[in-house]
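The values are calculated or read from the model by the stated rules, or taken from the named source; none is laboratory data. Note that this is a predicted model, so its numbers are computed, not measured. Virtual Cβ from ideal backbone geometry, glycine too; neighbours counted across all protein chains shown.
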Amino acid sequence: MLTIGNYGIVQSGNVTTIDYRRGIKDWVDSVSSTVIGLAALGFSVVLFTRTHPGNFIFLFIGGLFGLVGLYRLWVGIVLLFKPTQHIVVISKDKKQLTAKYPAFKTTTVDLGSISEVVLRGTHESIKAGNTRRLRIYVTVDIATKGGSFIPVLTINPTQIVRMSDEEIELGIRETGEALSALLAGELGVKHQWTGFQRIYS
């Protein structure tokens, strides 16, 4: 089995499979989001049960905490049940590529419709005075002959310790380039790196 970062590649006959091995950061992200969600929901319940019906401000605050709690709890559950086995399967016998996503979603693409493997980076930030980083990640997309792009892998940082943006970008780009080159070789197409795009909100 070939290992690239947290990904394991198994080649058996005409089938190539990519699996994902959870790291410490994956567990930390899932548990922390779940705990924050439960805490926010608990605070919301306390506000609703102990606030007079006419006190709209506290009821509004309780509603906001409830929404935040539900969102963070959902994120934690999605991360916990994110697929790790057979997240990408290339079957040359069936002439198909299948990709698994969170929330039990899958996509199947005919190999004959694939024109290229595209690797792109995203740097999401919120701009308020000094720029603050929110998330940096790389996606491996399958470009089809019809002009659409289908994401098959999302590569996130694996380090828990705070690192510079440049170090994070370098690490996930190296992993992404190795995976995209492997996929392109299996599919018999070219691959390219389009760089990092910055999204501000």
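Determine the pairs where a residue that is more than 30 Å from LYS95 (Cα to Cα), located within the range 110-133, has a partner that is surrounded by fewer than 11 Cβ atoms within 10 Å (Cβ to Cβ) and modelled with pLDDT of 65 or more with Cβ atoms under 6 Å apart, the partner being 6 or more residues away or on another chain. Every condition considered, the pairs that remain are THR122/GLN197; ILE126/ARG132; ILE126/SER201.
For the range 78-97, a residue qualifies if it is more than 30 Å from GLY188 (Cβ to Cβ) and in contact with a helix residue (DSSP H, G or I) (Cβ under 7 Å, 6 or more places away or on another chain), and the qualifying residues are LEU79, LEU80.
Each residue in the range 147-173 was checked for being free of Cβ contacts under 8 Å to residues at least 12 places away in the same chain and acidic (Asp, Glu), and 2 pass. Among residues belonging to the range 153-188 that are more than 13 Å from LEU119 (Cβ to Cβ) and among the aliphatic types (A, V, I, L, M), point out the one that is surrounded by the fewest Cβ atoms within 10 Å (Cβ to Cβ). Filtering first and then ranking leaves VAL161. Could you say whether any residue in the range 102-121 is out of contact with any strand residue (DSSP E or B) (no Cβ under 9 Å at 6 or more places or on another chain), over 30 Å from MET1 (Cβ atoms) and surrounded by fewer than 17 Cβ atoms within 10 Å (Cβ to Cβ)? No, the range 102-121 contains no residue that is out of contact with any strand residue (DSSP E or B) (no Cβ under 9 Å at 6 or more places or on another chain), over 30 Å from MET1 (Cβ atoms) and surrounded by fewer than 17 Cβ atoms within 10 Å (Cβ to Cβ). For the range 138-188, a residue qualifies if it is in a loop (DSSP other than H, G, I, E, B), of a type outside the set (Lys, Arg) and either closer than 21 Å to ASP26 by Cα or modelled with pLDDT of 95 or more (or both), and the qualifying residues are ASN156, PRO157, THR158, GLN159, ILE160, VAL161, MET163, SER164.
Restricting to the range 10-60, and then to whatever is of a type in the set (A, V, I, L, M, F, W, C), in contact (Cβ under 8 Å) with a residue 24 or more places away in the chain and outside any helix (DSSP H, G or I), can you tell me which residue is surrounded by the most Cβ atoms within 10 Å (Cβ to Cβ)? This residue is ILE18.
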